[in-house]
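So the structure is just underneath, and the comments pick up after that.
The values are calculated or read from the model by the stated rules, or taken from the named source; none is laboratory data. Predicted, not measured: the structure shown is a model, and the values here were computed from it. Glycine also receives a Cβ, built like all others from the backbone with ideal geometry; neighbour counts cover every protein chain displayed. The protein model used for the area step is the full one, side chains on, heavy atoms only, and it has no ligands, DNA or RNA in it. Shrake-Rupley method; radii C 1.70, N 1.55, O 1.52, S 1.80 Å.
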Amino acid sequence: MERITLRRASINDIDDIYKLIRKDDYSLNKLKLKYGTSNISYLIDNAVVSIVGIDNKTNQIIGFISVSLSPYKDYIKNKDWTVELYKHFEIKNCIPYNTMFLSCCVYDQNYSTDFLFYSLKQIYLFLPNLKYIGYLVPETHEIDKNLCSPVPPKSYNGCHLNKNNSSDESSHTNINTTTTTTTLKQRFFFNKCKGIRQKDDIHYSNSLWMCFRVDLVYILKIRKARVEDCDDLIPMFKQKNLMDDPDNIYYFSELLENNDENMNTIVGVVNDKIVGFMSMRSNIEYSSLFENFDLDMYETLFNDMYEVEIDEEILKNISLHDINNHLKKESQTTENKEKDKKDTTDSINSLTTSTNDNANNNSDNNNDTTNQSVESIHDKSNSKVNIKEESNEVDTPSNNPVDELVEKQDEIKVEEEKKTEEDFPNDCTESIESTIDLKKMAYLSNAICINLFYIDECYSFYSNEFLKAAFNLYPDKEYCLISVPTKELYIPLFNNMSAVDYRENVNIRHSLYICHRESTLNIIQVRRGEEKDLKEIDKLICDMPEYNKLTHQLKMSILSMSNDTEINYKTVFYVAECLGMIVGFAILNRHSDPNALIEQFNIEKYCSKANHHFSKNDEFILSYIIMNPLYENKARYFLEEIMRLSDIECLIHTFNESFDFSTHKIITKEFVPIKRRKQIQYVDNKRDINTVANHLNYNISLITTNLLYEPKFTINTRIVVVGASDTGISFLETLIYKSHYLFNNLVLVSSKDTYKSKECPYAVDKMNYSVHDLKKMNIENYVQFINSTVNAINREDKTITLDNDEVIEYDYLIITTGLQFHPETLNKEFKELNGIFSGSEIESCIEFIDNISKSTDKNYVVYGNDIQAFPILKALINKVPAYQIHFVVPNFDKGIHHWFDNRSLEKRVLAYIKNLGVDVLLNYQLTSFEHYEKKLIDITLKSTINESFDSTTIFKIDGFFYVDKKTSDNHIFNAINDAYLVFDENLIIGSHFQTCDDYIFSAGPLTKYNYKYETLWNHSYYNSKEIGKKLALTLLPIFEGDEQAMKDIKREDEPLISFNDLVATRCLLPGDMMFFHFDRPYLYNQTKSFREKDKNYGRNLFIGNNKETTKPIEFFHIHIDTLGFIQSVTYVGKEDLFSENLLSLYGMHEKYLNRLVSRFDEGIIPDFKTFFNEPWAQPLFHDRFRAYMKRLRDDLMNPTTSSVPLLPLATSSSSNDNDNISSDEGEKPMEMTEILDKLYEYVVKKEIVPESERIKLYDSFDKSSDRKKIDNTVYRFLVESGFYNFP
């Protein structure tokens, strides 16, 4: 077993690192003198890479190292180190692209060699372009002797490491294609650089030390593959379980042997061992590429295309079906449809690769060997791309496409002999007319495509070296393409290429990536923009719709950067150059209120406020970043250089205006989207004495130096979500805000606008998302939204058909449509009648009510048991006389949940509505109706509890509002039913959201669990937002390609996923009142009266005028369990309640609420609403209050080992006569651990701590060093939260 383990440092390591510093006599002052700073938190936040070493036996941190983009800023006079260091040291080859600087290094002396060797090697592994690590230190300070000690050989295994684990450096090796030579015989970790004597004879006060990549890692060498390489390739593939068929040996031999000008294979070698393989070809038919992918911006891709004429006699016998089978159809029929694989125009298939989903679909006899290799060369734990099916393009490449068609023709004849004359008529006239475009087949002559790519996982970050080698093999080609099925796993090769967007209305299960020769082989230079650059930039943006806006911004930047110009709107721009040509630019500006950004967005998840001092005077807002499409794969380095030159560790992009396509593409790929923080509602919108900033009407994304080289796992899997319910939105939100993932194919299909119902104040709000949250969630920048209805699901082809007959392909289908009110549930004819409205279409209901004439004598009926009835009643009462309104409740049963989960409150509200004049009919249901000219005119109702009651008829009905039982939408029901998914009143799912189809999942109220679980619970009782989040987290491993994850969720013994979040409801009530309630999830039959019978129920705190029937209701109820935790809150009263604040109380102990129970019992809380609006309560509603409490609890439960009381306890006798009692006789205070043990004893005994004992315990705690630590935690929270104005 290895002695140490390396991982990236986190903020939780800070205390242990400081312990290490003190342990090894690294005083903070010494550390600051050597590295410029001793702030470890700052280094972890801002360094490009920070690594800790951990002893595997003791699990203690034994080393910490970090590297940054520049030396410590106080050691150089210029922000750009290249200006100063080039002047004083001989560092010709060091440029920002390949050089970084050591910003801190501390370690246990017993592990010095091991830690330095493996940590530096790991840094080079993590940063493939890094060649040099510099260390700039004042000459007055010596560097640690271990830093300039000899470097062990590259095969070094550590003095206590297992030598069997190091044969190929599987866990620590790195590679490079460029060597750095030196004249030194003996190499050290850091070697002193030779200084340059200046003419002015001014001595430079710093010394520079350099660590070289070549001293620590082996070099990757790439060469052409040879036939004898099969002896290494075959074992490599077998070791990774990629090759099971013995015949694949012959396939590889033939592949390596048949290299020519169109086909080439290369291998990557490290230390004489093959670690990577790539095959590529240059004959690419372009038609399907052009039809499906937006390649218009790559103009030179189509230069010098050549065409080959095809003999018409060959085309005569090719069936129309085979010729017109395009890529879209080929993607739909990936299983068991072999004849569709004979598409002679399918260039995507010719380009590259396949997965297990389509590897078994080949029909050509000549492809049998290839098929077997394709099926076996597929491993989800390795970075690779499989070769495509057509063996005539790989095994025996032909320069003449006619030969290919002849072979195709022979195969088709064999198939046609098996068919009847009815299937294939002899008349081929129609086929000839349809193939007129195929008489000439066009091929790209300016590109190569990758057919097969594999690289060992340990070396996957260096895939770019294979691209460089590929371009060197084809010096006349400008582009390299690779096409992969959307379910293909992520390979780091994608990071060095640009994803090509689909054309409009194209839905295929393939992704295309492209890169250009110049951007692959050359490095861009970044500098501040100048006025002379505008002319060349104009050529870059002249065709953009945002041309005028961009031009104005650039001119303002020129004025702003001029020292002689006074301008309020400060901006600056940077340009990227390559080969003397400007290939991109970025515009940065300032923000007027940086604190508002920090308060409203969760920026501190990635960069703490203490370490990132956002200032009004810093240009940290990235407005635009525009690059030539050929150089978009250099965008991350462009951003890195901007941060280095501007000395800013964090760039933020605000989505507050329309922006260009280039900026959108780069921001989506490189930046991390930031969630909004929960905002506190303040009285008069003032916090302390300061006015709170208004909601910012945009969302943001950011990137920091720490995130620059965090790998993003690109997932091209096509995920289609049907239904924009809270569950569906939460699912997409969870995927989008995963910072280490980039989802390129998310599709949302919804029959209505996602946000409309939230904007209507009369809609019942489940309080999962506010209107502001939904509008500014920024989903539209990451998800393709389709406003349509699903009519059919084709499970075999994995497609859905929309109401406009558009076909959408999917890899995984997620159904989250929920349930709606459908009046046709009462009678099918209701669907065709006018004047009948569904409560689900609340906007239509309110629009109809707003247009009602005040002089009308018609009647209006609100029918149903759902709480949505009350907002509609309120709207009607505000528009028409109350006596014309009829509220029909079909089932007012005391044994089930109703609107407010409080029987007496429900009766009180109904009585209040009756007093307003509304006709309330309880336990009546519709029995018949009449209509005239498709318009409902009257209905007949009958009692459901007493058949002797006479029927009631309501005449002259103008509007009927249905808000009773919710059911599934007819379209989605028919689609599910026709697809043979199991549906029994609801869609049947398993424990982990799976349906009977492995590629279809569902969640939300539409579903219910399989009968084998024997449970009444279903998703309608839980918080929809929590369901969507857990759905995403459950499926994420499957999207990553984890086969075991799919097997796990299909296990029959898997328990149900638990949901614990609160379920909240808020709506308007008649009479200018509102209803607010939250509680834990309960079944429909677990009523409040039923739960109160449980001895562990707890107690109710109630304030209100529930008894008075004539006045507006004021009702406030709090349920507290036996342990003192708040379980539910119910409120009915005026509409001025800060309900979003109160959601924070769920699960909070009443002691935090200023001893709520005690104060209530004392009768000093006249009104809960006023009580919670007091200033002391505001910190409770802060979004980080619970995290603060957890930190405080950890401090209490884990006292410091040196928790020695500062002073002895004072006793009454000692206080009266100190002289008579010696210090030895005074009672010593208890340690913190003793205090906790004593309290635990009383908890176990279930006894109250006696007053005298409590005073003693508190006195001991008050005099302990842990008290200071806890006070510091409290103070930090209050300062960071900004509630009060501290000095």
Quiz item: Which one of these is crowded, with 16+ Cβ neighbours inside 10 Å, part of a loop (DSSP other than H, G, I, E, B) and in contact (Cβ under 8 Å) with a residue 24 or more places away in the chain: F1059, F1075?
Solution: F1059
Quiz item: Of the residues D1237, D1224, D1183, which is open to solvent by 40 Å² or more (accessible area, probe 1.4 Å), part of a loop (DSSP other than H, G, I, E, B) and modelled with pLDDT of 80 or more?
Solution: D1183
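Yes/no per residue for (1) touching an Asp or Glu at 6+ places or on another chain (Cβ under 8 Å); (2) buried (at least 22 other Cβ atoms within 10 Å of the Cβ); (3) closer than 27 Å to N1100 by Cβ:
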| site | (1), (2), (3) |
| --- | --- |
| A869 | no, yes, yes |
| L873 | no, yes, no |
| A882 | no, no, no |
| F887 | yes, yes, no |
| D901 | yes, no, yes |
| E906 | no, no, yes |
| A911 | no, no, yes |
Exercise. For the range 756-796, enumerate the residues that are among the acidic types (D, E) and in contact with a Lys or Arg (Cβ under 8 Å, 6 or more places away or on another chain).
Key: D765, D773
Quiz item: Scanning for something at pLDDT 80 or above, small (G, A, S), open to solvent by less than 10 Å² (accessible area, probe 1.4 Å) and touching a Ser or Thr at 6+ places or on another chain (Cβ under 9 Å), does the range 438-455 turn up at least one residue?
Solution: yes
Quiz item: Counting only residues that are loosely packed, with under 14 Cβ neighbours inside 10 Å and free of Cβ contacts under 8 Å to residues at least 40 places away in the same chain, how many does the range 941-955 have?
Solution: 8
Quiz item: What residue, among those in the range 711-754 that are among the basic types (K, R) and either closer than 27 Å to V500 by Cβ or assigned to a strand (DSSP E or B) (or both), is least open to solvent (accessible area, probe 1.4 Å)?
Solution: R718
Exercise. Working carefully through the options T420, T429, T435, find the one that is modelled with pLDDT under 80, closer than 30 Å to Y298 by Cβ and either out of contact with any helix residue (DSSP H, G or I) (no Cβ under 6 Å at 6 or more places or on another chain) or surrounded by 14 or more Cβ atoms within 10 Å (Cβ to Cβ) (or both).
Key: T435
Self-check item: Considering residues of the range 305-330 that are within 29 Å of N259 (Cβ to Cβ) and under 42 Å from the mean Cα position of the chain (by Cα) only, the residue modelled with the highest pLDDT
Solution: M305
Quiz prompt | the range 1083-1101, residues that are assigned to a loop (DSSP other than H, G, I, E, B) and either farther than 20 Å from L1123 by Cα or not small (G, A, S) (or both) | solution = L1083, Y1084, N1085, Q1086, T1087, E1092, K1093, D1094, K1095, N1096, Y1097
Quiz item: Residues of the range 1109-1148 being in a helix (DSSP H, G or I) and open to solvent by less than 10 Å² (accessible area, probe 1.4 Å), which ones?
Solution: S1139, N1141, L1142, L1145
Exercise. Would you be able to say whether some residue in the range 47-70 is out of contact with any Asp or Glu (no Cβ under 7 Å at 6 or more places or on another chain), part of a helix (DSSP H, G or I) and within 23 Å of D144 (Cα to Cα)?
Key: no
Quiz item: Does the range 573-603 hold any residues that are of a type outside the set (A, V, I, L, M, F, W, C) and touching a helix residue (DSSP H, G or I) at 6+ places or on another chain (Cβ under 7 Å), and which are they?
Solution: Y574, G584, H591
Quiz item: Inside the range 938-953, can you point out the residues that are out of contact with any Leu (no Cβ under 7 Å at 6 or more places or on another chain), part of a strand (DSSP E or B) and not charged (D, E, K, R)?
Solution: T940, S943, T953
Exercise. Spot the failing condition for V920; the list is (1) farther than 17 Å from M1073 by Cα; (2) in a loop (DSSP other than H, G, I, E, B), and only one is missed.
Key: (2)
Quiz item: When you scan the range 684-710, how many residues do you find that are under 21 Å from S592 (Cβ atoms), open to solvent by less than 10 Å² (accessible area, probe 1.4 Å) and part of a loop (DSSP other than H, G, I, E, B)?
Solution: 1
Exercise. List the strands (runs of 3 or more DSSP E) that sit entirely inside the range 471-535 and contain at least 2 residues that are open to solvent by 30 Å² or more (accessible area, probe 1.4 Å).
Key: 525-528
Quiz item: If I95 passes every condition in (1) β-branched (V, I, T); (2) assigned to a helix (DSSP H, G or I); (3) touching a strand residue (DSSP E or B) at 6+ places or on another chain (Cβ under 9 Å); (4) surrounded by fewer than 23 Cβ atoms within 10 Å (Cβ to Cβ) but one, which one does it miss?
Solution: (2)
Self-check item: Boolean, D805 is among the acidic types (D, E) and either at positive phi or modelled with pLDDT of 90 or more (or both)
Solution: yes
Quiz item: Taking the range 134-148, which residues are assigned to a strand (DSSP E or B) and polar (S, T, N, Q)?
Solution: none
Quiz item: Which is open to solvent by less than 10 Å² (accessible area, probe 1.4 Å) and farther than 30 Å from Y1021 by Cβ, of Y860, Y810?
Solution: Y860
Practice problem: For the range 562-576, indicate whether the set of residues that are within 32 Å of the chain's Cα centre (by Cα), open to solvent by 10 Å² or more (accessible area, probe 1.4 Å) and of a type in the set (G, A, S) is non-empty. | Solution: no
Practice problem: Please go through the range 590-626 and pick out each residue that is of a type in the set (G, A, S) and either surrounded by 15 or more Cβ atoms within 10 Å (Cβ to Cβ) or without any contact (Cβ under 8 Å) to a residue 60 or more places away in the chain (or both). | Solution: S592, A596, S608, S615, S623
Self-check item: Per-region count, the range 1043-1056, residues part of a loop (DSSP other than H, G, I, E, B), modelled with pLDDT of 85 or more and either among the acidic types (D, E) or open to solvent by 70 Å² or more (accessible area, probe 1.4 Å) (or both)
Solution: 1
Quiz item: Here are D919, D938, D964, D958: which of them is closer than 18 Å to P1070 by Cα and surrounded by 14 or more Cβ atoms within 10 Å (Cβ to Cβ)?
Solution: D919
Quiz prompt | Residue that is in contact with a His (Cβ under 8 Å, 6 or more places away or on another chain) and surrounded by fewer than 19 Cβ atoms within 10 Å (Cβ to Cβ), where the choices are N970, N977 | solution = N970
Self-check item: Enumeration of residues in the range 1251-1264 that are touching a residue at least 24 places away in the same chain (Cβ under 8 Å) and either open to solvent by 70 Å² or more (accessible area, probe 1.4 Å) or within 19 Å of M1189 (Cα to Cα) (or both)
Solution: F1261
Quiz item: Has the range 26-40 got any residue that is outside any loop (DSSP other than H, G, I, E, B), crowded, with 22+ Cβ neighbours inside 10 Å and β-branched (V, I, T)?
Solution: yes
